[in-house]
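K.L.:
Could you have a look at this structure, given as structure tokens, before my questions?
Taken together, the values in this text are just the output of simple stated rules run on the coordinates, not laboratory data. All values reported here derive from a predicted model rather than from experimental measurement. Ideal geometry is used to build each Cβ from the backbone, glycine not excepted, and the neighbour counts take in all protein chains shown.
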Amino acid sequence: MKAAVVRTFGEPLVVEERPDPEPGPGQVRVRVEACGLCHTDIHAAHGDWPVKPNPPFVPSHEGVGLVELGAGVTHLSVGQRVAMPWLGHACGRCEHCLSGWETLCEQQINTGYGCDGGYAEKMLAWADFAQPVPDGVSALDAAPLTCAGVTTYKALKVAGVRPAQLVAVSGVGGLGHLAVQYAKIAGARVAAIDVTDDKLELAAELGADILIDARTQDVGQELKRYGGAHAAIALAVNEAAFEAVASGLRRGGKLVMVALPAQGTVRVPIFDTVLGGTSVIGSIVGTRLDLAEVFQLHAEGRTRVIRESRPLSSVNESIDEVLRGQVKARIVFDLAEGG
Ligand code: NAD
Ligand code: ZN
Ligand code: ZN
């Protein structure tokens, strides 16, 4: 099978032939149809974060495909479409797993990071964490929903967004274009913030009510003109953007940190935080139930995935385009086309 492999941090990925992986106990092998390029794959390939993957490895936690085989697995059938999210495995026994916070499990294994991911014609998955994709959701749409979708859906849940609130979405990329839609579904008014005209136009197309260009406008001041944001979802891979959007919170507002810039640190003003009663919350992907809900919303026709499909062989150029901010929302590698 063909796979795109990170051999050395910071070097281009190598597209190479590998033997088909053999599933272990509780695993299935999946023939990958599509997989999305999340900005996290770039952080992984660059070794950006304190906890690093071990090269050589195959990135991607937005793989979607058809179950091929898996001895002893009874709840999935051969040919069934499944998605392989970042949460590749969790222990199922710890405090976090038992309290509905499996995304915080300390024993978790992350797809495309701690085990090989979707930039390959075939991949393995723990059957209990391979999420069934409902009929009517294509593999190309399911791929971005598997991380960008579930992550932003969960970020809005942890912010407790309610109708009539103002939600600021900072960064309208792969994650942000879905965040705008989930915030609208929650009934909120949405302020979308970005630094490119294309992204701001896209946000407007997807229902954003207020557009803020962080190149030319003061994000905090603009948000305050509308009374300040009840929730600010930080999705831009830029430390300064976290502080900018946080400065536009209203009293009692919540900053939800989602983006993961390398070595990121944010300065939180103590006085404003105390007197304003604001919160800073970290949010990491979502649970299997969150992902099932994301797929359900899409199957009901309530979300739109903006994507461009490409062959896997374009992986290195595609990464460069994401870094230059030239991709409209999400790149999805189409492996069903034999790319
Ligand atoms: P992306 O590159 O598709 O989107 C980033 C967007 O931010 C782009 O539209 C870009 O134009 C915009 N931007 C850049 N500078 C800005 C600024 N100063 N102000 C406002 N917008 C700005 O990336 P993505 O795939 O959406 O991922 C975003 C981040 O989220 C990455 O760091 C990724 O690793 C992280 N992530 C976190 C989780 C999680 O569970 N916490 C899950 C997935 C991704
Ligand atoms: Zn991701
Ligand atoms: Zn656990």
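K.L.:
How big is the dipole moment of the chain about its Cα centre under a simple scheme where the beta carbon of each Lys and Arg is +1, that of each Asp and Glu is -1, and everything else is neutral? Debye, nearest 20, please.
P.N.:
Using Cβ point charges on Lys, Arg, Asp and Glu, the chain gives about 980 debye.
K.L.:
Would you mind counting up the charge near ASN316? Only other residues with Cβ under 15 Å from its Cβ, with Lys and Arg at +1 and Asp and Glu at -1.
P.N.:
-2
K.L.:
Right, next: Here are some pairs, LYS2/LYS157; LYS2/LYS199; LYS154/LYS184; LYS52/LYS199; LYS52/LYS122; which of them have Cα atoms lying more than 26 Å apart in this structure?
P.N.:
Among LYS2/LYS157; LYS2/LYS199; LYS154/LYS184; LYS52/LYS199; LYS52/LYS122, the Cα-Cα distance tops 26 Å for LYS2/LYS157; LYS2/LYS199; LYS52/LYS199.
K.L.:
Given the options PHE295, SER314, GLY160, identify the residue whose Cα lies farthest towards the positive end of the charge dipole of the chain (+1 on Cβ of Lys, Arg; -1 on Cβ of Asp, Glu).
P.N.:
In the chain, that residue is GLY160.
K.L.:
For ILE284, what is the net charge nearby, where nearby means another residue's Cβ is under 13 Å from its Cβ and Lys, Arg count +1, Asp, Glu -1?
P.N.:
Net of charged neighbours comes to -1.
K.L.:
Right, here's the next one. What's the ranking of 294-302, 144-152, 28-36 by average number of surrounding C-beta atoms within 10 Å, highest first?
P.N.:
Highest-to-lowest ranking by the protection proxy: 144-152, 28-36, 294-302.
K.L.:
May I pose another question? Would you be so kind as to identify all helices of the chain, as entire DSSP H runs, whose Cα atoms reach 15 Å or more along the helix's own axis and whose mean Kyte-Doolittle hydropathy is at least 0.5?
P.N.:
Answer set is empty.
K.L.:
Now for a separate question. If you place +1 on the Cβ of every Lys and Arg, -1 on the Cβ of every Asp and Glu, and leave all else neutral, what size is the dipole of segment 149-282 about its Cα centre, to the nearest 20 Debye?
P.N.:
Magnitude of the dipole: close to 640 debye.
K.L.:
Using only Cα atoms, locate the centre of segment 41-96 and the centre of segment 176-225, then give the distance between them in Å, rounded to an integer.
P.N.:
Cα centroid to Cα centroid, the span is 31 Å.
K.L.:
Name the shape class, rounded, prolate or oblate, that the alpha-carbon gyration tensor gives for the chain, where a ≥ b ≥ c are the square roots of its eigenvalues, rounded holds for a/c under 1.5, and otherwise prolate holds if a/b is larger than b/c and oblate otherwise.
P.N.:
The shape class here is prolate.
K.L.:
For segment 149-282, what are the per-bin percents of Cα-Cα distances with bins 5 Å wide, up to the bin holding the maximum?
P.N.:
2, 12, 25, 27, 22, 10, 3, 0
K.L.:
Pull out the extension gain between ARG267 and GLU317, defined as 0.36 nm times the separation in residues minus the alpha carbon to alpha carbon distance; nm, one decimal.
P.N.:
Once the chain is fully extended between ARG267 and GLU317, it gains 14.6 nm.
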